[in-house]
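So the structure is just underneath, and the comments pick up after that.
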Amino acid sequence: MIFDGIHSGLAVLTCFRCGKEHNPAEVNNTCTKCGGTLLARYDIQKVANTFTKSSLKKRVKSLWRYTELLPLQDERKLVSLGEGLTPILNLKELGREVGISLLMIKDDGILPTGTFKARGQAVAVSRAKELGLKELCVPSAGNAGAAMAAYAARGHLAAHVFLPEDSPMANQIECSNYGAILHLVRGTIADAASEMRKEMLSHEWFDMSTLREPYRVEGKKTMGLEMAEQLDFNLPDVVIYPVGGGTGLIGMWKAFDELEELGLIGSGRPKMVAVQSSGCDPIVKAFQNRKDAAEEFKNPSTVASGLRVPSPFSSELILEVIRRSSGTAVSVSDDEIILEMKKLMKEGISACPEGAATLAGLRRLVDKNWIEKEESVLLYNTGTALKYMHLLGS
Ligand SMILES: *Cc1c(COP(=O)(O)O)cnc(C)c1O
Ligand SMILES: [Zn+2]
């Protein structure tokens, strides 16, 4: 029993833009008034009764240990592949090489389906099942689709995944073998999304797109919850994260806010750094030009397929997190990314190109003296290198 004596504190879904409240017992996508992303709000008083440092010590070794701050009400609806509690490892040699005294990496490459997308889909698919949904659809650059397909298989739900036709072969093979219906679309994730919207007109599918569905970000939030718990509630000075659609960054920030409301951490926050590939860096451009929202990036191309998101929905939220944290945004080249994948392997870490991009970003920031030697830095590795062997050679 995971939910023995502890319960979800989910209270309401609130539009991040206009504040309109939505009933979480109903099926929701975006705000019915303005189309904005809906974010889950919890009854913090109630959560605080059971969500304590000592109670956490005794819980299940998966992300479901954070039950009170997750949306699932009924344990019988849980769709799980054993996700969560990934290690934080010290990178001693690379730290020395870069000139940082405490360099860490949180390695989500060991999650089911090999990427952190499992966190979001475990929670969102479970909640979809709880709400009685039967047929799910998602546009994806690859890994979100693969993770949704795996959890849908596990939970006996039907899945439609729309991928760019040049998405990594591993992702395409995963989707179809997990039993999803794979729709290959010419172009990027944005084109896959428009194709999906056309199909949705004649089907009763539930849209699981990034930030157009309220619960994937709740799953991603566990990155921040875990980080805090594993570091004894002393957050690192800097967190470097590869931004595509941005749910990871938004999720971690939401975790920190909720932990502060619960009195488990203070008001201090890591500086949140968004790394993108120069082949698709709409967030970096918007950040540098002091825009509130990103503009579409034309003709995106990068080996870091998870970062090929030319117009992230809710880019306002991503930019707000970066600014509120006194963070920054940097672009790195594909050549640097591949080099850093190899560097990380020399220290035993299997990092996807997106994860390796964080190390390239770190070097940039150290060169610019934006990060100082004494600051603790955590790189977020979002996935395994195994899906991207074609980039590495022998
Ligand atoms: C999707 C993806 C990202 C980007 O994640 P967001 O949280 O949507 O910004 C990074 N790395 C990998 C491996 C991905 O699949
Ligand atoms: Zn709204």
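For this structure, a couple of remarks:
- Filtering region 97-146 to residues that are β-branched (Val, Ile, Thr) and buried (at least 20 other Cβ atoms within 10 Å of the Cβ) leaves Ile100, Ile105, Thr113, Thr115, Val123, Val125, Val138.
- Phe297 meets the stated requirement of being of a type in the set (Phe, Trp, Tyr), more than 26 Å from Met104 (Cα to Cα) and either over 17 Å from the mean Cα position of the chain (by Cα) or crowded, with 23+ Cβ neighbours inside 10 Å (or both).
- Helices (runs of 4 or more DSSP H) fully within region 1-110 counting 1 or more residues that are under 25 Å from Ile318 (Cα atoms): 44-50
- All conditions but one from (1) loosely packed, with under 15 Cβ neighbours inside 10 Å; (2) hydrophobic (A, V, I, L, M, F, W, C); (3) in contact (Cβ under 8 Å) with a residue 60 or more places away in the chain apply to Cys34; the one that does not is (3).
- If the condition is being closer than 30 Å to Ser55 by Cβ, buried (at least 17 other Cβ atoms within 10 Å of the Cβ) and within 15 Å of ligand 2 (Cβ to nearest atom), then region 1-15 contributes Leu13, Thr14.
- Flag if Leu70 is in contact (Cβ under 8 Å) with a residue 60 or more places away in the chain and within 16 Å of ligand 2 (Cβ to nearest atom): no
- Residue in region 61-79 that is closer than 26 Å to Leu157 by Cβ, aromatic (Phe, Trp, Tyr), buried (at least 20 other Cβ atoms within 10 Å of the Cβ) and at pLDDT 95 or above present: yes
- Among the residues listed as Ser126, Ser167, the single one being outside any loop (DSSP other than H, G, I, E, B) and either out of contact with any strand residue (DSSP E or B) (no Cβ under 9 Å at 6 or more places or on another chain) or within 13 Å of ligand 1 (Cβ to nearest atom) (or both): Ser126
- Of the residues making up region 24-66, those that are small (Gly, Ala, Ser) and within 16 Å of ligand 2 (Cβ to nearest atom) are Gly35, Gly36, Ala40.
- For region 31-74, the set of residues classified as within 16 Å of ligand 1 (Cβ to nearest atom) and in contact with an Asp or Glu (Cβ under 8 Å, 6 or more places away or on another chain) consists of Leu63 only.
- Region 38-60, subset in contact with a Ser or Thr (Cβ under 9 Å, 6 or more places away or on another chain) and not β-branched (Val, Ile, Thr), residue modelled with the lowest pLDDT: Arg59
The values are calculated or read from the model by the stated rules, or taken from the named source; none is laboratory data. Since this is a predicted model, take the numbers as computed values, not measurements. Ideal geometry is used to build each Cβ from the backbone, glycine not excepted, and the neighbour counts take in all protein chains shown.
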